[in-house]
Amino acid sequence: MAGKRAARQNEGGQQPAAPAAADDAAVVVLPPDCRIAAQTALKAELLGVLEKGAIVVLDGSQVERADTAALQLLVLFRRELQARGGTLDWRGASEALNEAAGLLGLAQILELPAAGLA
């Protein structure tokens, strides 16, 4: 499942999460700065893929910073996707994402892979 990140940039100069269709899955690349300031763009991307497909792949390998708001959004997204009969897979999760989720007790709920694993 190869998805490519869009070359667009948001107001902060960072690339937003970009969904890309890969086979029958929608791929969302989480931004390196996955904190509250990026939540509007990330929420819009997640809502878009939620409406499109039953299989969603999140790529968290580039996340350098994550806060409680981002992880709460991901938990809610996972629950809603599951309620709609969808499946969430991970392409990868950075050490920062795994650490933040682990501190909040959300790594198991999100079914995160080990840092750097696809």
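Here, each number is a calculation from the coordinates, and none is a lab measurement. No experiment lies behind these values; they were computed from the predicted model shown. A quick note on method: Cβ atoms are made from the backbone with ideal geometry, for glycine too, and the neighbour counts reach across all protein chains shown.
A few remarks follow.
- Protection proxy ranking of 48-58, 26-36, 78-88 - average other beta-carbon atoms within 10 Å, highest first: 26-36, 48-58, 78-88
- Inter-probe distance in nm under a simple model that places probes 7 Å from Cα toward Cβ, at Glu111 and Gln72: 2.4
- Highest to lowest packing among 99-109, 37-47, scored as the average C-beta count within 10 Å: 37-47, 99-109
- Under the convention that each Lys and Arg Cβ holds +1 and each Asp and Glu Cβ holds -1, the size of the dipole of the range 19-110 around its Cα centre is about 260 debye.
- Inverting the pair-averaged 1/r between distinct Cα atoms of the range 19-110 gives 12.9 Å as its Kirkwood hydrodynamic radius.
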